[in-house]
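The values are calculated or read from the model by the stated rules, or taken from the named source; none is laboratory data. As the structure is a prediction and not an experimental result, all values here were calculated from the model. Cβ coordinates were reconstructed from backbone atoms using ideal geometry, including for glycine residues, and neighbour counts include every protein chain displayed. What goes into the accessible areas is simple: the full protein's heavy atoms, side chains included, and nothing from ligands, DNA or RNA. Shrake-Rupley method; radii C 1.70, N 1.55, O 1.52, S 1.80 Å.
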Protein chains: 2
Amino acid sequence: MRQHRFNKSIPFSQAEYDRRLALTRAAMDKAGIEVLFVTDPSNMAWLTGYDGWSFYVHQGVLVFHEADPIWWGRNQDTNGALRTVWMGDDRVFGYVDTYVQNPAKHPMQDLAGHLAAMGHDKARIGTEQDNYYYSAKAHLSLMAALPGATLIDATALVNWQRGIKSGEEIAFIRKAARISEKIVDGLLERVEPGVPKNAVVAEIQRDAILGVDGDWGDYAAIVPLLPSGSDAAAPHLTWDGRPFAKGEATFFEISGCYRRYHAPFSRTIFLGDPPATLVKAEAALVEGLEAGLKAARAGNRACDIANALAAPLERAGIERGARCGYPIGLSYPPDWGERTISLRAEDQTVLQPGMTFHFMPGLWMTDWGMEITESILITENGDAECFCDRPRKMFVKT
Amino acid sequence: MRQHRFNKSIPFSQAEYDRRLALTRAAMDKAGIEVLFVTDPSNMAWLTGYDGWSFYVHQGVLVFHEADPIWWGRNQDTNGALRTVWMGDDRVFGYVDTYVQNPAKHPMQDLAGHLAAMGHDKARIGTEQDNYYYSAKAHLSLMAALPGATLIDATALVNWQRGIKSGEEIAFIRKAARISEKIVDGLLERVEPGVPKNAVVAEIQRDAILGVDGDWGDYAAIVPLLPSGSDAAAPHLTWDGRPFAKGEATFFEISGCYRRYHAPFSRTIFLGDPPATLVKAEAALVEGLEAGLKAARAGNRACDIANALAAPLERAGIERGARCGYPIGLSYPPDWGERTISLRAEDQTVLQPGMTFHFMPGLWMTDWGMEITESILITENGDAECFCDRPRKMFVKT
């Protein structure tokens, strides 16, 4: 029934995509949404398999209650959609190139034309108003072009459906975790005083993409983060060409990526003899992580993990001002988090088996920093399972 | 006067940032904008030096007519701002972490509070309504929190100021070009039948980050694109683990990156004996490129390049449906283009010395593709200068 001109290498079974679509349709129904316009590239891929670096222009997936989804984007990118989505070729729509970055007109006018032609000009249409890459102008243009429609905020509606991973997805995260381990093993070997940072990052990226055991590595949704010394106070600095130095701690936040699935992982390496402040912080952090892993049980809440972590840290006089984790899975830049649950005192979400998180209690103080983190799976019974298996500590190279 | 607690490695002179600020203020004045809120990470960095992978949360730079800009973002990222922006430490503002990905409140409410406290609650405020990462919800939240203000669309206002590069910027693009050349040299050496694609990408990324002659490589704003055979019809596919095959053309679209400046470059490699269709397309494409380079002179218009390219292609029966280039320079993901000028028949922008483009006439047909491109500089007199110096052809390995 579904016609495909090209061979495809779709990562999941049709049953898996059917499951995802059913979940999304149920959530649409609950929110009173007749048509959902999905612009978040991670959501687009999760629903349809679409894979390509085209999210710098306006594009999206339309989800209907009765018909298969429609991929919609720039004409030249229909060639990528025809090769990656599970829907039939007749469900791939393109707009002409003069819509691209042209202040005189907007791609959403083309989308509105399709919606009107399908009889949805007065529909209740969900849009992802705070997801990537749905701009203010996209929203205003769509409203202007469909004055009879009601645009409903569907921010994170699909993201919430992604929370509990299927077996097929967990298998991918496990492959990503093998790559994360390989990256960290390489770091421990290569980081030495005098070695330039970018030389180490070059090997991280090489390891990440070579993959492990024939499982090829994909690009992670965030580049490696590895600030040193005082700069490690800043969680999101990347790298430069300066050498690693004795007497400095560097944290490495990295993720292997297998077919867009991530297993983020951080470890800290100290070159030389670490000062008492860092040794004390390490002990409190590891104690907090272990308490958090015990709290990360099905039936407990997101805040239980955060509170379990906080206790030993506070006893050591360390006050963190930030959440300590977020869900992970399929992602495109700029973020490998799912942007639903936050592991923090205010979040009462109940943990369920199959949920996956980056348990990420980074310490970013005024002039030092430390990261020791774990990507975890909430299990049926018992403590959370860690996807990666490497010593939970600050590594010291003297 | 400007107090800095931390040592900084700011890429440009203060005179260069002053130049940028003066241009931006003049454009604000012309548009009747009292305060400009800049969210595009490339614009943020161009104006202030800010560098960090934090654009997955709401953040921005406020530009005023009289006072220094303010960097505003998540509390934990103020540590990165304090280490990368040229403004004094008192011009770095943070919001508390519970604003992050929390449907109950929005970071723009915090921003609105600052604007009101500074007396700008009734101001004419410019926002980048179609730039990354200014979401629909950010816009609606800011409007709701500042009901007396007038929000003016300032999409691409800063991007347009970036068009003509300074000597300092051109020097960075030249360094990026050396890295682009190194990547392409590596490709020509490594691509062979049977070699898995990801193995070659691993070396591309390694070369890109190792850099050239002590100039360390930064991450490019787009990952390598390298579809083969029929897939090369799709411009934005990335890679997988399948081997390169005899009888297939692969195009490689890559860019070296030096301190966020890019020199995108594409070449096509054919393994085996290329079919007549490709050989004919190559000849027409190279002829079109050369005609375009001659048309890319100061005083000519953007459309002149597009039209010069189109003539030989049309004679060969090749109709492209897309623009053939865009300005390049400083960029963050998801795009290395500047999103102002488009090299296409409809764009009448006059070319000026110091403008830089990726002249990018990709051929993406139904079931084949080819890319041979150049990053170029518009000079005072004469044809455009190519940043990279590698043979302008389809490489054939038999």
Original post:
Out of (1) closer than 22 Å to B:Pro235 by Cβ; (2) more than 12 Å from every other protein chain (Cβ to nearest Cβ); (3) β-branched (Val, Ile, Thr), what's the single condition that is false for A:Val63?
Top reply: (1)
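Confirm whether B:Arg259 is open to solvent by 30 Å² or more (accessible area, probe 1.4 Å), closer than 20 Å to B:Ala220 by Cα and assigned by TED's automatic domain parsing to the domain that holds B:Arg178. Please lay out each step first, then the result.
On the way: open to solvent by 30 Å² or more (accessible area, probe 1.4 Å): yes; closer than 20 Å to B:Ala220 by Cα: yes; assigned by TED's automatic domain parsing to the domain that holds B:Arg178: yes.
So B:Arg259 fits the description; yes.
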Subject >> Failed item in (1) of a type outside the set (A, V, I, L, M, F, W, C); (2) surrounded by fewer than 19 Cβ atoms within 10 Å (Cβ to Cβ); (3) more than 9 Å from chain B (Cβ to nearest Cβ), with A:Ser180 passing the rest >> reply: (2)
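Report whether or not B:Arg242 is in contact with a Cys (Cβ under 9 Å, 6 or more places away or on another chain) and open to solvent by 30 Å² or more (accessible area, probe 1.4 Å). Can you show your working first?
Numbers: in contact with a Cys (Cβ under 9 Å, 6 or more places away or on another chain): no; open to solvent by 30 Å² or more (accessible area, probe 1.4 Å): yes.
So B:Arg242 does not fit the description; no.
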**OP:** Exactly one condition in (1) in contact with a Cys (Cβ under 8 Å, 6 or more places away or on another chain); (2) surrounded by fewer than 22 Cβ atoms within 10 Å (Cβ to Cβ) is not met by B:Asp367; state its number.
**Re:** (1)
Subject >> Qualifying positions in the range A:269-321 - assigned to a helix (DSSP H, G or I), out of contact with any Leu (no Cβ under 7 Å at 6 or more places or on another chain), touching a residue at least 24 places away in the same chain (Cβ under 8 Å) and among the small types (Gly, Ala, Ser) >> reply: A:Ala283, A:Ala310
Original post:
Is there a residue being at the interface with another protein chain (Cβ under 8 Å from one of its Cβ atoms), in contact with a helix residue (DSSP H, G or I) (Cβ under 9 Å, 6 or more places away or on another chain) and under 25 Å from A:Leu271 (Cβ atoms) anywhere in the range A:211-222?
Top reply: no
Subject >> Test: B:Val100 is surrounded by fewer than 16 Cβ atoms within 10 Å (Cβ to Cβ), within 14 Å of chain A (Cβ to nearest Cβ) and closer than 26 Å to A:Glu128 by Cβ >> reply: no
Original post:
Name the residues in the range A:38-54 that are within 11 Å of another protein chain (Cβ to nearest Cβ) and among the aromatic types (Phe, Trp, Tyr), would you?
Top reply: A:Tyr50, A:Trp53
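Quick one: would you say A:Leu210 is of a type outside the set (Asp, Glu) and within 18 Å of A:Phe395 (Cβ to Cβ)?
no
Restrict the check to the range B:98-105 and report whether at least one residue is within 29 Å of A:Glu346 (Cα to Cα) and touching a strand residue (DSSP E or B) at 6+ places or on another chain (Cβ under 7 Å).
The first filter runs over the range B:98-105 and keeps only residues within 29 Å of A:Glu346 (Cα to Cα), leaving B:98-105.
Still in the running and touching a strand residue (DSSP E or B) at 6+ places or on another chain (Cβ under 7 Å): B:100.
Yes, there is a match, as at least one residue in the range B:98-105 is within 29 Å of A:Glu346 (Cα to Cα) and touching a strand residue (DSSP E or B) at 6+ places or on another chain (Cβ under 7 Å).
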**OP:** Among the residues of the range A:97-124, write down those that are part of a loop (DSSP other than H, G, I, E, B) and free of Cβ contacts under 8 Å to residues at least 60 places away in the same chain.
**Re:** A:Val100, A:Gln101, A:Asn102, A:Pro103, A:Ala104, A:Lys105, A:His106, A:Met118, A:Gly119, A:Asp121, A:Lys122
Subject >> Qualifying positions in the range A:337-368 - within 11 Å of chain B (Cβ to nearest Cβ) and either without any contact (Cβ under 8 Å) to a residue 24 or more places away in the chain or not in a loop (DSSP other than H, G, I, E, B) (or both) >> reply: A:Gly337, A:Leu363, A:Trp364
Original post:
Residues of the range A:269-302 being touching a helix residue (DSSP H, G or I) at 6+ places or on another chain (Cβ under 9 Å), farther than 30 Å from A:Gly354 by Cβ and open to solvent by less than 10 Å² (accessible area, probe 1.4 Å), which ones?
Top reply: A:Ile269, A:Phe270, A:Ala281, A:Ala284
**OP:** Can you give me the number of residues within the range B:223-237 that are closer than 19 Å to A:Tyr56 by Cα and within 7 Å of another protein chain (Cβ to nearest Cβ)?
**Re:** 7
Original post:
Quick check, is A:Ala199 at the interface with another protein chain (Cβ under 7 Å from one of its Cβ atoms), out of contact with any Pro (no Cβ under 7 Å at 6 or more places or on another chain) and surrounded by fewer than 22 Cβ atoms within 10 Å (Cβ to Cβ)?
Top reply: yes
Original post:
Looking at (1) closer than 18 Å to A:Ala263 by Cα; (2) open to solvent by 40 Å² or more (accessible area, probe 1.4 Å); (3) in contact with a Gly (Cβ under 7 Å, 6 or more places away or on another chain), can you tell me which one A:Glu169 breaks?
Top reply: (2)
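For B:Gly119, state whether it is of a type outside the set (Lys, Arg), more than 8 Å from chain A (Cβ to nearest Cβ), more than 18 Å from A:Asp335 (Cα to Cα) and more than 27 Å from the chain's Cα centre (by Cα).
Values: of a type outside the set (Lys, Arg): yes; more than 8 Å from chain A (Cβ to nearest Cβ): yes; more than 18 Å from A:Asp335 (Cα to Cα): yes; more than 27 Å from the chain's Cα centre (by Cα): yes.
Taking the combined requirement at face value, the residue satisfies it.
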**OP:** Look at A:Asp218 and say whether it is buried (at least 24 other Cβ atoms within 10 Å of the Cβ), assigned to a loop (DSSP other than H, G, I, E, B) and among the acidic types (Asp, Glu).
**Re:** yes
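Quickly run through the range A:116-148 and pick out the residues that are under 29 Å from B:Ala156 (Cβ atoms) and open to solvent by 20 Å² or more (accessible area, probe 1.4 Å). Please lay out each step first, then the result.
Our first condition is that a residue be under 29 Å from B:Ala156 (Cβ atoms); within the range A:116-148, this holds for A:116, A:125-147.
Of everything in the range A:116-148, those that are under 29 Å from B:Ala156 (Cβ atoms) and open to solvent by 20 Å² or more (accessible area, probe 1.4 Å) turn out to be A:Ala116, A:Asp130, A:Tyr132, A:Tyr133, A:Lys137, A:Leu140, A:Met143, A:Ala144, A:Ala145, A:Pro147.
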